[in-house]
Amino acid sequence: MKFIIILALSAICIENPNANNLGALIYRDVTVSIEKELASDILHSLEKDLGIPIKVYWETENVNGCENEKTVSLALHSQPAIILLERIATQMGTKEDEATWQLRDGVVEIGLKSRLAKKSSQRLVTYPIIDLLFVVSDFSFLDQNANQKRLPTTADNQKRIDELIEKITLLVESDMWEQNGGTCTITNYHETLLIRAPDFVHRQIGGYTFKPTKPSDIKERRVSYSNGRTSVIKN
């Protein structure tokens, strides 16, 4: 029993491999003025300055990817590094295939969304939705025969679940879902959504379940991920 307890406590203390990378991106501010510089050079400098591993999926003879000679232009003053990373990634895509960033296996990845969304890069996450299905009692709605409020039926709940799935696949990276020709899947099982998708999709649905590593001398910052963009609020 003692051996089991020690193992359990050790597991609790293990930090998420992506926490340090996300912390560096959120809590390190940068000021840059870039005019048509190679994205590869800028990302290499960012990787070195932040001390985090960055992997870019470049195009090759056999694999579609970000253009090797892609240049970017932008200006930022004292903004979190994650904003710089995201704006660089945005300029590395095409009209047909946008680019973005994501966290996976302790590495910051940048690439075309079609590449990052490959099944081998996806993970399955469960999202309990029972709270979203709860209906506030409306005592003005009475069954005229029994003079009692009609309780939601299984069919009512299923309709709400279907509407929720429809909203997610419409508002969150719509092109990525299987229903729209993509590779991501979303199903329901016992009032729980089962979503298999890459990191850049999951963060827009439920954010990150771990806290980014924060320097002790900086106040905590609030971060949101929606509409394919990251927002950071400095307290």
For semi-axes √(5λ) of the Cα gyration tensor in Å, which listed value, [x] 28, 20, 17; [y] 31, 20, 19; [z] 38, 24, 19, comes from the coordinates shown?
[z]
Which value, in debye to the nearest 20, describes the size of the charge dipole of the stretch 34-116 about its Cα centre when Lys and Arg Cβ atoms bear +1, Asp and Glu Cβ atoms bear -1, and nothing else is charged?
220
Would you work out the relative contact order for the chain, in percent, from Cα pairs under 8 angstrom that are 6 or more residues apart?
21
Degrees between helix 2-13 axis and first principal axis of the chain (Cα, 0 to 90, nearest 10):
70
What residues have an amide H closer than 5 Å to that of Ala197, excluding those fewer than 5 places away on the same chain, when H is modeled at 1.01 Å from N in the peptide plane?
Arg123, Val125
Residues of the stretch 212-229 with the amide nitrogen closer than 20 Å to a label point 7 Å from the Cα of Asn20, along Cα-to-Cβ, please.
212-218
If I model a spin label at Leu38 and Asp175 as a point 7 Å from the Cα along the Cα→Cβ vector, what separation in nanometres do I get?
2.7
Hypothetical label at Asp49: residues of the stretch 77-114 whose amide nitrogen lies under 14 Å (7 Å Cα-Cβ projection)
77-88
Once the dipole of the chain is set up from charges on Cβ (+1 Lys and Arg, -1 Asp and Glu), the residue from the list Gly228, Thr94, Asn18 lying farthest towards its positive end is Asn18
Picking from Leu84, Asn68, Val108, whose Cα lies most toward the positive end of the charge dipole for the stretch 31-111 (charges on Cβ: Lys, Arg +1; Asp, Glu -1)?
Leu84
Counting only helical runs of four or more DSSP H residues, what would the 222 nm mean residue ellipticity of the chain come to if each run contributes -39,500 (n - 2.57) and the total is spread over all its residues?
-9500 deg cm²/dmol
Calculate one ³J(HN,Hα) per residue across the stretch 166-182 by plugging θ = phi - 60° into the Karplus curve 6.51 cos²θ - 1.76 cosθ + 1.60, and present them in order as whole Hz with x for glycine and proline.
4, 5, 4, 6, 8, 9, 10, 6, 3, 6, 7, 8, 4, 4, 10, x, x
Say we join alpha carbon atoms closer than 10 Å with springs in a Gaussian network model of the chain; which of Asp199, Asp49, Asp131 then has the biggest fluctuation?
Asp131
Spin-label point model (7 Å from Cα, Cβ direction): what's the Thr71 to Val107 distance in nm?
2.9
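Where a number appears in this text, it was derived from the coordinates with a stated rule and is not lab data. If you're wondering where the values come from, they're calculated on a predicted model, not measured in any experiment. Quick reminder, even Gly has a Cβ in these numbers, built from the backbone with ideal geometry, and neighbours come from all protein chains shown.
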